[in-house]
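Only one structure is covered here, and it is reproduced in the block below.
What follows draws every value from the coordinates through simple rules; no lab data is involved. Since the structure is predicted, the reported quantities are computational estimates derived from the model, not experimental observations. Glycine also receives a Cβ, built like all others from the backbone with ideal geometry; neighbour counts cover every protein chain displayed.
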Amino acid sequence: MVSVIVAVKNASATLQRCIDSVVGQTWPGKELIVCDGASSDGTRAIIERNQANLAYWCSQRDHGIYDAWNKGLSHAHGDWVCFLGADDFFWSPTVLASAMAQAGKVYPHERVIYGRVALLTPDGTFLRYLGKPWGKAKEQLMQINSLPHPGLLCHRSVFQEHGIFDISYRISGDYEFLLRELKSGDAHFMEDVITVGMQTGGISSRTNWIRLALKEIRRAQKKHGFRYPGPLWIAAYLRALVRSAIAGIIGEEKTDKVIDVLRRF
C-alpha cells in the first residue's frame, strides 16, 4: 500500500485538483491522508466533501508543514509514503502503478524513489522538468537540495530507522530528513516517470523564504558532518541576494514573473 499525505493551509483553489489526482490513480493499494492547518478559506469544506475518499483527515493548528506531515505519518498504514502539497498533483493516473513496479525491483537496497517533476507557473504553463539521475543528484545533495519532495516516495522502514521530521525546520526539514538516509545510502531515479506537477509561487519561492531555506540547509549539513558549504550552496546564496535586491526595486510579484521567464531558458 502507498500512503499519500497532503499538508494544506488555505489552499481552497488547488486542493480539489490534488485530491482528484490521488483518487484517480489506477494503483488500487493506496490511502489518502489530508492534514489541514486550521484553514480559514473554505479548505475544510472541501476536505469534508471528500471524506469518503480519505483514510484520515484533521483540521487543527500546527507548527508548519513538517508537523502536519508527522501527524499524517502517525495515521499512515502504507509500506511506502508519498508527500504532496495542496498545490501539487499527480501528473498522470499511472504514477503510483509505475512507481510500485520499480519499487518492487529496488527495495530493500534503495528505500527512496523519485522521478521527474514538472515545474509550472500558477496559470499552468509548463516551465521545465526537475529531477536528475541519482549519481548527479547525490553529488549535488551534499551541497543543496537536489531532490524535489513532491512525488518522492520513502519506504516506511526509513521512518522506523530515522524517526520523523524535525519540526524546528520551517522549509528545509525534508532535506534534513533525506540526509539521514542518503548521506550514506542510495535512492532510485525513475527516469521515465513524471511524478507530479508542481506550481511555482509557493512559500519556498519567496525571497525571504529562499534565504531562510538556504540557512536551514547549512544547518542540516552541519548537523550531518558537512562542515563547509559547497560551491552550489554558495552560488544559490548569491542568487538569493541578487533576487532580494531585484525584489526590493520591482516587488515580489514582478520578480516572480521575471524568474519564471528565465526558467524557460
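For the reader, a short list of remarks on this structure follows.
- Residue that is nearest to MET142 (Cα to Cα) [pool: residues in region 226-251 that are of a type in the set (Gly, Ala, Ser) and in contact (Cβ under 8 Å) with a residue 40 or more places away in the chain]: GLY230
- In the set (1) free of Cβ contacts under 8 Å to residues at least 60 places away in the same chain; (2) among the acidic types (Asp, Glu); (3) assigned to a helix (DSSP H, G or I), the condition left unmet by ASP41 is number (3).
- Of all residues in region 7-27 being part of a helix (DSSP H, G or I), of a type in the set (A, V, I, L, M, F, W, C) and free of Cβ contacts under 8 Å to residues at least 60 places away in the same chain, the one that is surrounded by the fewest Cβ atoms within 10 Å (Cβ to Cβ): VAL23
- Out of ARG49, ARG61, ARG44, one residue alone is farther than 17 Å from ILE19 by Cα and of a type outside the set (A, V, I, L, M). It is ARG61.
- Residue ranges of helices (runs of 4 or more DSSP H) in region 119-212 with at least 3 members within 28 Å of LYS30 (Cα to Cα): 156-162, 173-182
- Residue check, GLU216 touching a Phe, Trp or Tyr at 6+ places or on another chain (Cβ under 6 Å), part of a helix (DSSP H, G or I) and within 21 Å of ILE65 (Cα to Cα): yes
- Within region 28-58, being over 19 Å from ALA97 (Cα atoms), surrounded by fewer than 16 Cβ atoms within 10 Å (Cβ to Cβ) and not charged (D, E, K, R) holds for ALA38, SER40, GLY42, ALA45, GLN51, ALA52.
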